[in-house]
Amino acid sequence: MKLHTLALTYLIYFLLSVVYNLVITPAKGSLYVRFLDVGQGDAVLIKTPNSRFILVDGGPDFSVDYYLSEAFLFRKCRFDMVFLTHPHSDHYSGLQRLRKRCGIDFYHDNTSPNPSSHAKFMIDGVMIERLCPPNGYHSKDINDTSLVLLITYKNKRILLTGDAGGHILCRDDMLKKIGTVDIYKVSHHGSASGLCRLLIAKEAVISVGKNNPFGHPSFEVVNHLMESRTVIRRTDKEGTIEYKIL
Ligand SMILES: [Zn+2]
């Protein structure tokens, strides 16, 4: 390669790096939580204050790859933590591929041993608590074995529930642990099966596909959220939904 071509290549790379660091990469010190628009399914990409990445579920197909090419510009995808709430295809299929092609430092799913009845993982000042399922929990309905994760950063609380049933979320011990949350990823894409009327959230995110065959989200769930004056956000209407927590 001629010298001026090499210099030009370095210059372009440098300029792209500057754009990436100053414009695309948000300032350090904030937590970013992105509810990715993966159609009918779940995938939540979290960027910690020190630019480490956590993924909760991988969606039904290749949709997450598109978002990863933004997050990992010029480098191989690498996650510090990956969680799978339960092995249904709308959460799992995309993740199956990512487990092969990305680096993953820590992996945890609903069958992983729970080191305690209330396991906590800490990363960059972000606390992730596994509230469900307890060790050895079995159910005929795989949805009810979903990991339920409570993420706390500074004074903000985010609840991710996979597709857990309302009867799981509404248990006394669960409500006590959950308390009031700022952001609630509505269970089971807004299906009535995930409705817990006692769960209090300021904002609710429904991760759901347009014109899905299941009729999600259900009228019951949407109506309950409206009556309880919860702000409703939906990936089928807004696309990817991002929260920046300072
Ligand atoms: Zn699902």
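A short reminder: the numbers here are calculations on the coordinates, not readings from a lab. Because the structure is a prediction, the values reported are computed rather than measured. So basically every Cβ, Gly included, is an ideal-geometry build from the backbone, and we count neighbours across all protein chains shown.
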Reduced Cα scattering model of the range 187-246, Debye log10 I(q)/I(0), q = 0.15, 0.20 Å⁻¹
-0.43, -0.75
Here, chymotrypsin sites (Phe, Trp or Tyr not before Pro) of the range 100-168 satisfying both criteria (DSSP loop; at most 15 other Cβ within 10 Å) are Phe106, Tyr137
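Between Asp61 and Asn155, what length comes free when the chain is fully extended (0.36 nm per residue of separation minus the Cα-Cα distance, one decimal in nm)?
That pair, Asp61 and Asn155, stretches by 30.4 nm at full extension.
Magnitude of the Cβ-charge dipole of the range 25-245, K/R +1 and D/E -1, about the Cα centre, nearest 20 debye?
Working: 29 positive and 24 negative charges, 137 e Å.
The dipole of the range 25-245 has a size of about 660 debye.
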3J(HN,Hα) from dihedral phi, the range 143-155, Karplus parametrisation 6.51/-1.76/1.60, rounded to Hz, x for glycine, proline:
3, 6, 8, 4, 5, 10, 10, 10, 10, 10, 9, 6, 9
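Within 9 Å, Cβ to Cβ, of Ile123, how many net charges do the neighbouring residues add up to if Lys/Arg are +1 and Asp/Glu are -1?
Values: positive: Arg52; negative: Asp80, Asp124.
With Lys, Arg at +1 and Asp, Glu at -1, the neighbours total -1.
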Taking K and R as +1 and D and E as -1, what net charge do the other residues with C-beta under 10 Å from the C-beta of Arg101 add up to?
+3
Residue order, fewest to most surrounding Cβ atoms within 10 angstrom, among Ser193, Ser228, Ser146:
Ser228, Ser193, Ser146
Residues whose placed amide H lies under 5 Å from that of Ile232, excluding near-sequence neighbours:
Ala204
Each label sits 7 Å from Cα toward the beta-carbon; between Phe214 and Val231 the label points are separated, in nm, by 2.6 nm
Cβ-Cβ FRET estimate between Arg52 and Thr180, R0 fixed at 30 Å, reported to 0.05:
0.65
Globularity ratio of the range 91-236, using Cα Rg and 2.2 N^0.38 Å:
1.05
Here the convex hull volume per residue of the chain, taken over Cα atoms and given in Å³, is 137 Å³
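So how much slack lies between Asp173 and Glu242, counting 0.36 nm per residue of separation and subtracting their Cα-Cα distance, in nm? Numbers along the way, then the final one.
Values: separation 69, 0.36 × 69 = 24.84 nm, distance 2.98 nm.
Difference between extended and current length: 21.9 nm.
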